[in-house]
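Have a look at the structure below, then the notes.
Quick note: the coordinates plus some simple rules give every number you see, no bench work behind them. Note that the structure is predicted; figures quoted are calculated from it, not measured. When we count neighbours, we look across all protein chains shown, and the Cβ atoms used for this are built from the backbone with ideal geometry, even at glycine.
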Amino acid sequence: MGKYVTRRLLLMIPTALLATMVVFGLMKLVPGDAAIAILADLDVGTQEEADVAADRLRERFGLNESLPVQYWKWIVSVGKLEFGDSIIQGRPVRDIILERLPRTLELAAIAVVLIFAYAIPMGIWSAVRQDKLADHLIRVISILGLSVPLVWLGTLFMFGSSRLLHWVPPLIYKGPIDSLGTNLLMLGPPAVLLSFAIGASIIRMTRGQMIEVLREDYIRTARAKGLAQSSLLVRHALRNAILPVMTQFGGILGALMTGTVVAETIFNIPGLGRAMVESINNRDFAVVQGLVLINIAMVLMVNLVIDLLYSVADPRIRYS
Amino acid sequence: MDVTTEQGVSEQLEEGAGRIKLTRAGRFRRWIRRNPPGFVGLVLVTILVSMALSANVVSPYEPNDLVGFSNASPSAEYPLGTDNIGRDIFSRLLYGARVSLLVGVSAVVFGMTGGLFLGLVSGYVGGWFDLIVQRIIDAMQAFPGIILALTLVAVLGQSPQNVIIALAIGYIAPATRITRAVVLRERERVYAEAARALGASTPRVIFKHVLPNSLAPYLVLVSIFVGLAIIAESSLSFLGAGVGPETSSWGSMLSVAAENYFDATFTLALAPGLAITAAVMGFNLFSDSVRDMLDPRLRRR
């Protein structure tokens, strides 16, 4: 076990370094550099004076140094959780992230709870009733969920509720401590839509795994023993079927993060996703960079936790 | 002998000998009967393709022209009404099919071809090369969902080409992973060993023997990914980091509807979303039925 954990942690280092290199490289692709971006907003006189001023700024920001040196200095500051300042908001990117992260996490958490509450039971039910009416219905629902884009669900919701019910979710964000009611009214609808868009693939995976497990010999034995259907499903079948579904949660995470970007934009929730879209539109690349790094860190952490949990649950993994 | 009576029997017969021949139309009819969802998928994809091909013929107006009042309801003059600045929704919908199909298909073809080669070589050669490729793939998969594409388009600028590049890069990683896994399994098979024993070179074993045997699961994935790429393109355009305002896209049409939900005409919210859903569902149903045909374990017993 200890050996597996060490190996898994060591493998994370090159992955994280390579990913940060990609982010660094992406930011170097931005046309013009920070010096020109800053000078664009200032009146610096003639072209010559502007060039001198730009050179002085480049010197100050270390932009004249070689790329490996720049990367090294940058990665050290990232290690200290210093992501620079937002040009537009004029405050540290770290503060923006700390302020907005909890809102996105709350939205994602509600969606995940909903997924567990209905997607997994629906997958089980569909497998048990394979090729019966319930199975067909659930399969139709899940293939719909896979095909309907969240951008449409959100647009339809805003349209339908404002035109037919003359109601829209609150447009000004309130924290859960400030006003729990407003908070839930604002986050509830996008979380439900998000869970539908993502839950579909969980339903399909649970169904597929359950169908395979239900054909195993030990299930037949348990059934022959006269075990009640409910305990057979939950204690014998689901236990084995759920593991592969859980490993897929890493993939779901990507869909969840994409989903929060879209949902926050439509429902005007000031979370990380909207910050991402706003800073892209404002070409505020220090913020974009910080947000991408945070997203990567979350993915790496979640995948690590899933892998470790999986190796605890299934000892075969450790020895392969 | 009637080949179409029992599914099991006819399959055995097919495998057994080439004596029983169905005409092409006959085979197609049998496929439809066994796979109604797959047929629906094929129809939906055909509709998408014909919309895209006929856009310049069928459209009553140019997609970017201001042809009437803003937010007009559907009428004989404007079949689906007009948007917030008076462009014809029906014409924009048809041209949007072009963008969805072009971006979706080319992003997946480029990305997955790249991944196919990387996966084949990495899986077959192994060793240091494999280790390095795997770490790069890990790093690429650390970018969740469309975040990488969003950032790339933000940096490169909005255009259909840049969206294709941005999305294609995202499909390299999963395609490499899957191809590598298949190759690792296939290269130990007897036929690959036999080819090696006969003195075939590594590239020859890969491309002549392993590749044809690894193609089927790969094609299922292509179909699924085209659906995902269509959703991704519409999401990027919706968020303002997509094909750009000069190109009519279903995603940007929806973003106009979402921003003007209080006064936009209802077709602007319905039509583009329905089009995306139908197109994506077409590819999903099609890939589902192909996968079921390939995987005997999922077949009905």
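Numbers below:
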read-out	value
Rough spin-label spacing in nm, given labels placed 7 Å along Cα→Cβ, for A:His136 and B:Ala76	4.3
Long-range HN-HN contacts of A:Asp85 with modeled amide H, under 5 Å	A:Val93
Rounded to 10°, Cα long-axis angle of helix A:67-79 versus longest principal axis of chain A	60
Against the rule of thumb 2.2 N^0.38 Å, how large the Cα Rg of chain B comes out	1.21
Loop sites in segment B:220-262: chymotrypsin sites (Phe, Trp or Tyr not before Pro), DSSP, at most 12 other Cβ within 10 Å	B:Phe262
Inter-part distance where segment A:156-212 and segment B:123-150 are each reduced to a Cα centre, Å	33
Unit charges at the beta carbon, dipole of chain B: most positive-side option, B:Ser237, B:Tyr171, B:Leu152	B:Tyr171
With Cα atoms, 0 to 90° folded angle of helix B:160-186 axis to chain B main axis	20
Which of B:Thr247, B:Asn71, B:Ala142, positive extreme of dipole for segment B:37-299 (C-beta unit charges)	B:Ala142
Whole-number percent relative contact order across chain B, with pairs defined as alpha carbons under 8 Å at least 6 apart	24
Distance-filtered residues of segment B:213-245 - backbone nitrogen under 18 Å, label point 7 angstrom along A:Asn281 Cα→Cβ	B:234-245
Pair-distance profile P(r), taking every C-alpha pair of segment B:25-77, with 5 angstrom steps and integer %	4, 15, 14, 15, 12, 11, 9, 8, 7, 4, 1
Size descriptor, Kirkwood hydrodynamic radius, that averages inverse alpha-carbon separations across segment B:60-125, Å	14.3
Integer Hz, Karplus 6.51/-1.76/1.60 couplings in order for segment A:84-98, x for Gly and Pro	x, 10, 6, 5, 6, 8, x, 9, x, 4, 4, 5, 4, 4, 4
Geometric extent, Cα atoms of chain A - Rg, Dmax (angstrom)	24.8, 91
Chain B: angle of helix B:211-239 to the longest principal axis, Cα-based, in degrees nearest 10	20
Alpha carbon centroid spacing (whole Å) that separates segment A:221-247 from segment B:206-230	34
Shape parameters for the protein assembly as shown, alpha-carbon atoms, Rg then Dmax in Å	26.5, 92
